[in-house]
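A short worksheet on the structure shown next.
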Amino acid sequence: MAKTTTPANSTSKKEQTADKIDEAVDKTSSALKSSVDSLKSGAQEIASSARDTAEATADTIADSASRASDTLRGAAASLRDGSFQERSFGQLAASLADASDAIRDKDLGQLSRDVSDLARRNPVLFAGGAALVGFAIARMMTKSGDKS
């Protein structure tokens, strides 16, 4: 008894198969869309968190530069008026105060572009400044390590 398929029966199976394929495609599309939406949401949260952290760090740096500027102004005031050291400390204090204000007043994107432009215009100055900052950070870290 061989099973015979009629054209109507064959068409019905093809339609069922096509319906199952369409259903699988719809489920896959829905899952993919959900995954993409979830990834976008996660990326936005990460970007927002990174931006918040960067802004907090910029505020901390601005505060530190402001305190250093105040300290230099105090040191300059204690030196003999018109001396080289007094003028140097005064200029350094003014530069730090300007840098502190710039960090507070500019958004991070603009600040990044300004630093990048400075590095392109004065690569030796930028490298020297970066090395100086690195030495200062290393010194602060070794001092904090000695206290514990």
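In the range 85-109, the residues that are over 23 Å from Ala50 (Cβ atoms) reach residues that are outside any helix (DSSP H, G or I) and open to solvent by 30 Å² or more (accessible area, probe 1.4 Å) with C-beta atoms within less than 6 angstrom, at least six apart or across chains, in these pairs: Gln85/Leu79; Glu86/Leu79. Let me confirm something: among Ser144, Ser116, Ser112, Ser100, which residue is open to solvent by less than 90 Å² (accessible area, probe 1.4 Å) and over 23 Å from the mean Cα position of the chain (by Cα)? Being open to solvent by less than 90 Å² (accessible area, probe 1.4 Å) and over 23 Å from the mean Cα position of the chain (by Cα) holds for just one of Ser144, Ser116, Ser112, Ser100, which is Ser144. Scan the range 56-97 for residues that are open to solvent by 90 Å² or more (accessible area, probe 1.4 Å), part of a helix (DSSP H, G or I) and either polar (S, T, N, Q) or in contact with an Asp or Glu (Cβ under 9 Å, 6 or more places away or on another chain) (or both) and jot them down. Thr71, Ser78, Gln85, Gln91, listed by residue number. Note on the range 35-55: residues that are surrounded by 12 or more Cβ atoms within 10 Å (Cβ to Cβ) and over 20 Å from Ala102 (Cβ atoms) amount to 0.
The values are calculated or read from the model by the stated rules, or taken from the named source; none is laboratory data. Being a predicted model, the structure only gives us computed values, none of them experimental. Neighbour counts run over all protein chains shown; Cβ positions are idealised from the backbone, glycine included. These accessible areas exclude ligands, DNA and RNA; they are computed on the full protein's heavy atoms, side chains included. Shrake-Rupley method; radii C 1.70, N 1.55, O 1.52, S 1.80 Å.
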